[in-house]
Structure formats: C-alpha cells, structure tokens
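First comes the structure, then the notes that go with it.
Bear in mind that the values in this text are calculations on the coordinates, not laboratory data. This one's a predicted model, so the numbers in the text were calculated from it and none came from an experiment. Counting neighbours? That spans all protein chains shown, and the Cβs are built from the backbone with ideal geometry, glycine included.
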Amino acid sequence: MGEKLTKQELHNLAMNIVGKQLEAEGYEFLGVNSKLKSDPQFVALKDKILHFIIVRAISFPQDAHAYDPVFMQTIKEHATKFEAKTYYAGVGLGHGSDYGKPVLKDEDYTMVYKGLQEIL
C-alpha cells in the first residue's frame, strides 16, 4: 500500500488543479505562493482586473466548498486595498477508488471541485 500525501503535497495538487483552470480561462499570473498558510495562493490578472485566489485542499468528511467567512473577509479587506476581487477555491481530494479514503502517492485520486467562489 502506498503512503499518504503530506499536507503540503495535497496543497500542491490542489494548486495545480486550480492553476490549470485559471490558465485555461486566460488568467495571467502575477504571483504564485504554494507555501501552506501563506495567502493568497494566486495573484492574477484577467481583463485588467486583479484577482486574489485562496486555494485549500480539503479531505473527506469536510465540505470542499465551505470556507471560514471571518478569514475570507480578512483577505477580502486586504484585496480591496489593491482593488482586487477575492475568490475561494476549495478542492476536495480523496483516493481514486474511495473518496472517503486519503490520497496515496502514485495512485489515482478523485476530486470535488466546482470552481472559483467569489467572496462578496
């Protein structure tokens, strides 16, 4: 049996998933921060508008789309100083054959990701 991915490895996987989506949608990356607990993960430009994007890797049974509203409001206030929009991207990650089990190195994974959620 393979070993579980570390929190940093899960975070990097979530960052790759979100980063590919942003790239496909035409975002231009101004800053990328993949360190855990360093926010925002992406500072990107699209249509001349600055975007701050928070990425979280979430494991079952937590809801990938639920975020800490107090924390996100703090990020939003920071983004406002730069006239930037703020988004949350929660990526639920689980084992390929059973979402309720942890992701293992060199094995398939399943994901629950609905895209960016704008923080208003």
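Points worth noting:
- With at most 14 neighbouring Cβ atoms within 10 Å, loop trypsin sites (Lys or Arg not before Pro) (DSSP) excluded, longest segment of the chain: 1-34
- Qualifying GluC sites (Glu not before Pro) in segment 17-79, where qualification requires a DSSP coil assignment and no more than 12 other C-beta atoms within 10 Å, comprise GLU25.
- Segment 1-41: C-alpha gyration tensor shape, a/c 1.5 cut-off, then a/b vs b/c: oblate
- With a simple spin-label model that places each label point 7 Å from the Cα along the Cα-to-Cβ direction, the separation between LYS37 and ILE49 comes to 3.3 nm.
- When shorter helices are ignored and each DSSP H run of at least 4 residues is given -39500 (n - 2.57), the per-residue value for the chain at 222 nm works out to -8000 deg cm²/dmol.
- Of the chymotrypsin sites (Phe, Trp or Tyr not before Pro) in segment 49-120, the ones in a loop by DSSP (not H, G, I, E or B) with at most 11 other beta carbons within 10 Å are PHE82.
- When Cα extents along the principal axes in Å is calculated for this entry, the matching label among (i) 40, 31, 30; (ii) 48, 29, 23; (iii) 58, 38, 24 is (ii).
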